[in-house]
1. Just need a number here: residues in region 184-199 that are on the phi > 0 side of the Ramachandran plot and either under 24 Å from the mean Cα position of the chain (by Cα) or outside the structural domain of Ile151 (by TED's automatic domain parsing) (or both).
2. Please determine, by comparing only the residues of region 197-240 that are touching a His at 6+ places or on another chain (Cβ under 6 Å) and part of a loop (DSSP other than H, G, I, E, B), which one is nearest to Arg99 (Cα to Cα).
3. Being surrounded by fewer than 18 Cβ atoms within 10 Å (Cβ to Cβ) and under 12 Å from Arg277 (Cα atoms) is the filter here; which residues of region 330-365 pass it?
4. Tally up the residues in region 268-277 that are crowded, with 17+ Cβ neighbours inside 10 Å and out of contact with any helix residue (DSSP H, G or I) (no Cβ under 8 Å at 6 or more places or on another chain), please.
5. Return the total of residues in region 116-133 being at pLDDT 95 or above, within 19 Å of Ser207 (Cβ to Cβ), of a type outside the set (Asp, Glu) and assigned to a loop (DSSP other than H, G, I, E, B).
6. Looking at Phe167, Phe159, which is the one that is crowded, with 19+ Cβ neighbours inside 10 Å and over 30 Å from Gly344 (Cα atoms)?
Amino acid sequence: MEALHLILGLLLVLRVSAIVPYPNHAIDLVVNEPPSYVRPYVIPDLSGPAVVLINDVIRAPINNESSGGAFSVLQLNAQPYVRSGYGDLFQSPPHYHTRFHETFFCYKGSVTLWANGEARMLTAQDFGSMPTYQNHSYSFTEPDSTLVAFIHPGGFEKFYFNVSAPFNDPTSAPFPPDIHTRFLEQTFEAAIGPKYDVFPIFNNQFSFNFTNGTTNPSLPWHNGNNTAPQDDHEPYYLANNWSPKYLHRAKGRVIQPRVQAAQSAGNFTLSTMVMRRKLANETATEYQFDAPQFFQVLEGVMMIRMVHQTVAMSTGDVAFIPGGTCFQYWSEVAFTKVYFGGSGSSGLSDTLIKQAELWPYAVFPSYIG
């Protein structure tokens, strides 16, 4: 009987071990590069392996391996220049994807985004969504610009890392402003096609006829409310703070969805959120979701707690939270803004919005409650 109890105990240990993907007590939450397996982590801004394409620098704070294939988050830092190597094209070659739903969040500076005959000049925290089979292109248009691309599913970073050269940055420069690498034209041409799901259309011409940052002045752009289409195959643009916003009054947070289930076929959600300082008598809510989530700090300082560790995240830092991981987050400064989201349709963004009310303003109230 004692031997039987021992065997059953060993089986229980093995079963528990099989469902715990990482030892909660044994990992350091802060890393210098994305892990090669799924685990919670926080990665500081401009950390991890980087590659350079002429003078675009591409980093992947969340990649296919670290997210278990759920999604990738890429950060591109650059300045304007002739990017493509194909004639006088001042933009990425027009192209489409058959597997990847690509989104474009202008972290700072300016990025022009084209899709199917329309374009917008994205300035800080403007957003664009490009579902599969939508012909699109983009170009950096300010001297210090950052683009954050959330891409579903994971893995698109492999294309960039294949067609670029390693970027060694002992000064942690966002990009090399005065050193340009040779465009690897043959490598690029060998990489396009089904292997990396990039299908260029070199003869497709996009309009440069902009009026107040848009090629379609019949639709509002930084001068009226924007809305996303209620389907998952139409490209769209949302100007920062000009799309619907929701106030989570109890916590003093304003959530601005950029992608909801209707726009992603239920595959992912993306939002921005501003939050006030946590009050002394408040307790940070603990959350746990089946699907992985992420945060990137845009402004202020966000505290995050998971796997028994608390980390202060500052501007640009990224946190990855695997499915099944308990976490808490809050602000201990007066004003913090984050970009966040995750896989599926019932993550943090959806949960907060269900508890919130429509709110016409970009910030939380100047009173409590």
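The values are calculated or read from the model by the stated rules, or taken from the named source; none is laboratory data. These numbers come from a predicted model, not from an experiment. Positions of Cβ are backbone-derived with ideal geometry, glycine not excepted, and every protein chain shown enters the neighbour counts.
1. Quick first cut of region 184-199, residues on the phi > 0 side of the Ramachandran plot only: 193, 197.
Okay, now just the ones that are also either under 24 Å from the mean Cα position of the chain (by Cα) or outside the structural domain of Ile151 (by TED's automatic domain parsing) (or both), so 197.
The qualifying residues number 1.
2. Checked region 197-240; the qualifying residue nearest to Arg99 (Cα to Cα) is Asp197.
3. Glu332, Val333, Ala334, Phe335
4. Narrowing region 268-277 to residues crowded, with 17+ Cβ neighbours inside 10 Å: 268-276.
Cutting the leftovers down to out of contact with any helix residue (DSSP H, G or I) (no Cβ under 8 Å at 6 or more places or on another chain) gives us 268, 272, 274-276.
Number of matching residues: 5.
5. 1
6. Details: Phe159 fails: over 30 Å from Gly344 (Cα atoms).
On inspection, the qualifying residue turns out to be Phe167.
Rundown of residues vs (1) without any contact (Cβ under 8 Å) to a residue 40 or more places away in the chain; (2) outside the structural domain of Gly323 (by TED's automatic domain parsing); (3) within 22 Å of Met303 (Cα to Cα); (4) under 22 Å from the mean Cα position of the chain (by Cα), yes/no style:
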| residue | (1), (2), (3), (4) |
| --- | --- |
| Arg249 | no, no, yes, no |
| Gln260 | no, no, no, yes |
| Asn267 | no, no, no, yes |
| Leu270 | no, no, yes, yes |
| Met275 | no, no, yes, yes |
| Leu279 | no, no, yes, no |
| Ala284 | no, no, yes, no |
| Tyr287 | no, no, yes, yes |
